[in-house]
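Notes for the one structure printed next.
Values in this text are rule-based calculations from the coordinates and carry no lab data. Small disclaimer: the values here were computed from a predicted structure and weren't measured. Ideal geometry is used to build each Cβ from the backbone, glycine not excepted, and the neighbour counts take in all protein chains shown.
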Amino acid sequence: MTGRAFRYLFLGAGAAVSIYPFVWMLATSLKALREASLYPLALVPEQWQWHNYADTLDAAPFATYFFNTFLTAIAVTLAVLLTSISAGYAFARLEFPFKATLFAILLATMMIPFEVVLIPNFIAITRLGWYDTYAALIVPWCASAFSIFLARQAFLGIPGEYYDAARIDGCGHLRFLARIAVPMARPTLIVIALFAFLGSYNALLWPLVVTGNESMRVVQVGLTVFATTDGVRVNLLMCAAVIVIVPTLGLYFLAQRYFFDASIGAGLKG
Amino acid sequence: MTRRTRDIPLAAALLFPSLAVLGGFALYPMVYAIVLGLYRYPRGGTPEFAGARNYLDLIQDPAFTDSVLVTGYYAVGTIVPSMALSFVLADALFRVKRLRSLLRTVFFLPYVTAVVASALIWRTLFEPTSGVVNALLDWAGIEGQAWLLEPRGVLNLLTNGWVDPSIGPSLALCCVIVFEIWRTTGFMTVLMLSGLASIPREYEEAARIDGAGGWRVARHVTLPLLSPVLFFIGIVSLIGSLQAFSSIYALTGGGSGPLNSTRTLTVFIFANFYEYQKIGYGSAAATLLCAGIALLTFVQWRLTRRRVHYS
């Protein structure tokens, strides 16, 4: 019936709108500047200007930006994994006084918007002498209340019998955690890692505020600076956008099913 | 040792790193921000206690009240259309058999892309002289616009100058809104799709057998059943849009936009702190934003418990 045809038409239009800016970005990144400004509608370049990419990398130190971003993002991801696993396990399996109170306070920090701690954190970073250092980019993000919560839920989902059996075999908490709990919680830990990596990779406001020197600039800040300094060279700007988008898209296609969960987590956090 | 105390040393060791980071970079600065908001920081001078003066100045400062208004336009302008669109998309997606997962992947692309990069694509699309949007209008014989550089209100432009240009959202703000709708609709569609998959089908079938048409089924059966999901998406999006920064900053090259017409609360806080070094004033505004978000979270918590229940 026409209902079905209409549905596909509608969905197709939605898909086209979703994907068009990316196709256009790719096309523009391969056009000569004259063509890009005069004929923006054409989706196939007259002559494919592959050297645009080399020109972009020459125009701004993207290699440095990427080094800074990846160093930061990988360090943050590893740290978040460590803190979420350890704190999540403590809340799930250990008994200690004020456990419920501590957990409630922890959950409350999830609701603190980043804007409100921006200024105090900036002041703290400068007082610590961390302005323009990797420590400023990494340390404040080394723990996430939401990730601790996710890890705790995953550890709570492991039946208590596993732990009892391990204990009878003389296995302590740390060995149980490393050998049994962490492998069993793997899907959740992947989501936590993706979530931490993407958050760090995409961050703009914080790196913008705590770094000034070009040598400490991360990719997202570098890209906005490039848009101001070289924005008129539309084709190169689109090359830069492609370069920045590719790593996340690669991750997206590799780990798609975890992405939905991680994004819902990101949405939850606002 | 008893069971309650035996674990203490291990628990302390496991919890210490997380508590140090979250305490030091979230809880403590939260309290510190409230304190900062009570002080004035004259450039080069010593801080002086100002009490509620920052707050009293804020509510009389047109720059602040305008930014609240801009935030309101932005939030409503992005959430309502993208929720409506995503419901229709999810409903259609739910009924098709083939291509569903491919379409889902495509719809999700704008949301997973680094937001600064996708904002720069749109900034180039809206570019007045070499952008796609004006080229399309030109092709159709319509006069181009300045889009992201246009501070005049859309109502002014649509009514040919009859409405005052300062009334309503500016065209630049509408471009920011269009971008945000493009970015978030796919994400919402995926959320709604999982919501649709979780509601029972029998009610819809019963309504259809009773002769209800597509729209009436959607209006009286599907939407009410989906209301917890809709409510969740709405409030999470609202909290998210109160905190939007990266996209606005990248789209307008600094966030404030033409005649400050895209300056949301977040951009206002950022500008006061980063550009004008008004630490106390910015912190007071940030505290108000935080209070607003806390209130919304509380409302969400109360309403999810009480109103949105159909089981």
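Roughly how many whole Å is it from the C-alpha centroid of the stretch A:8-39 to that of the stretch B:82-149?
10 Å
Relative contact order of the stretch A:1-49: what whole-number percent is it, with Cα pairs under 8 angstrom and at least 6 residues apart?
Answer for the stretch A:1-49 is 32 percent.
Evaluate the relative contact order of chain B (contact order divided by residue number), counting alpha-carbon pairs under 8 angstrom at least 6 apart; express in whole percent.
The normalised contact order for chain B reaches 26 percent.
Run the helix sum for chain A: -39,500 (n - 2.57) per DSSP H stretch of 4+ residues, divided by residue count, reported at 222 nm to the nearest 500 deg cm²/dmol.
That calculation yields -23500 deg cm²/dmol at 222 nm.
Let's test the formula: R0 of 56 Å, r as the Cβ-Cβ distance of B:ILE167 and B:GLU202. What FRET efficiency results, to the nearest 0.05?
Working: r = 49 Å, r/R0 = 0.88.
According to the calculation, E is roughly 0.70.
In units of 2.2 N^0.38 Å, what is the alpha-carbon radius of gyration of the stretch B:17-87? Before the final figure, lay out each step's value.
Working: Rg = 18.5 Å, N = 71, 2.2 N^0.38 = 11.1 Å.
Output field value: 1.67.
Let me know the volume per residue of the alpha-carbon convex hull for the stretch A:1-49, in Å³. Let's see the in-between values first.
On the way: hull volume 3.7 nm³, N = 49.
Considering the Cα atoms of the stretch A:1-49, their hull volume per residue is 75 Å³.
Please arrange B:LYS278, A:LYS31 by counting, for each residue, the other beta carbons lying within 10 Å of its beta carbon, fewest first.
B:LYS278, A:LYS31
Using Cα-Cα distances under 8 Å and only pairs 6 or more residues apart, what relative contact order does chain A have, in percent?
It comes to 32 percent, rounded to a whole number.
Using a Gaussian network model of chain B with C-alpha springs under 10 Å, which one of B:PHE107, B:PHE268, B:PHE94 is most mobile by mean-square fluctuation?
Highest fluctuation among the options: B:PHE94.
How many Å³ per residue does the convex hull of the Cα positions in the stretch B:130-228 occupy?
Considering the Cα atoms of the stretch B:130-228, their hull volume per residue is 179 Å³.
Quick one: which residues, 5+ away or cross-chain, put their amide H under 5 Å from the amide H of B:TYR39? H built at 1.01 Å from N.
B:ALA50
Between rounded, prolate and oblate, where does the stretch A:1-147 land on the alpha carbon gyration tensor, with a ≥ b ≥ c its root eigenvalues, rounded for a/c under 1.5, else prolate if a/b exceeds b/c?
oblate
Which length gain, in nm to one decimal place, applies between B:TRP215 and B:ALA140 when the Cα-Cα distance is subtracted from 0.36 nm times their residue separation? It would help to have the intermediate numbers written out before the result.
Numbers: separation 75, 0.36 × 75 = 27.00 nm, distance 3.40 nm.
The span from B:TRP215 to B:ALA140 would gain 23.6 nm if fully extended.
So, R0 is 45 Å and r is the distance between the beta-carbons of A:ARG34 and A:PHE67; what FRET efficiency does that work out to, to 0.05?
So the FRET efficiency works out to roughly 0.85.
Let me have the 222 nm mean residue ellipticity of chain B computed from DSSP H runs of 4+ only, each contributing -39500 (n - 2.57), with the sum over all residues rounded to the nearest 500.
-21000 deg cm²/dmol
Ratio to report: Rg/Rh of chain B, with Cα atoms as the point set and Rh obtained by the Kirkwood method; give two decimals.
Over the Cα atoms of chain B, Rg/Rh equals 1.05.
Can you sort B:CYS175, A:CYS171, B:CYS290 so the residue with the fewest Cβ neighbours within 10 Å comes first? Can you show the working numbers first?
Working: B:CYS175 26, A:CYS171 16, B:CYS290 20.
Starting with the residue having the fewest Cβ neighbours, the order is A:CYS171, B:CYS290, B:CYS175.
Tell me, what HN-Hα J-couplings in whole Hz come from the Karplus equation 6.51 cos²θ - 1.76 cosθ + 1.60 at θ = phi - 60° for each residue of the stretch B:26-39, using x for Gly and Pro?
These are the phi-based 3J(HN,Hα) values: 10, 6, 4, x, 4, 5, 4, 5, 5, 5, 4, x, 8, 10 Hz.
From the C-alpha gyration tensor of the stretch B:1-147, pull out the three semi-axes of the equivalent ellipsoid (sqrt of 5λ each), sorted largest to smallest, in whole Å.
Details: eigenvalues 404, 228, 51 Å².
Taking √(5λ) for each Cα gyration eigenvalue gives 45, 34, 16 Å.
Across every pair of different alpha-carbon atoms, what Kirkwood hydrodynamic radius in Å does the protein assembly as shown reach?
Kirkwood radius, the protein assembly as shown: 25.9 Å.
What length, rounded to one decimal in nm, is gained on full extension from A:THR101 through to A:SER215, with 0.36 nm per residue of separation minus their alpha-carbon distance?
Fully extending the segment from A:THR101 to A:SER215 adds 36.7 nm.
How many partner chain Cβ atoms sit within 10 Å of a residue's Cβ in peptide B:28-34, on average, as a whole number?
On the way: counts 4, 11, 8, 2, 7, 9, 2.
That average works out to 6.
Send over the semi-axes of the stretch A:60-269's equivalent ellipsoid, whole angstrom and largest first, taken as the square roots of 5 times the C-alpha gyration tensor eigenvalues.
Working: eigenvalues 267, 82, 40 Å².
They are 37, 20, 14 Å, listed from largest to smallest.
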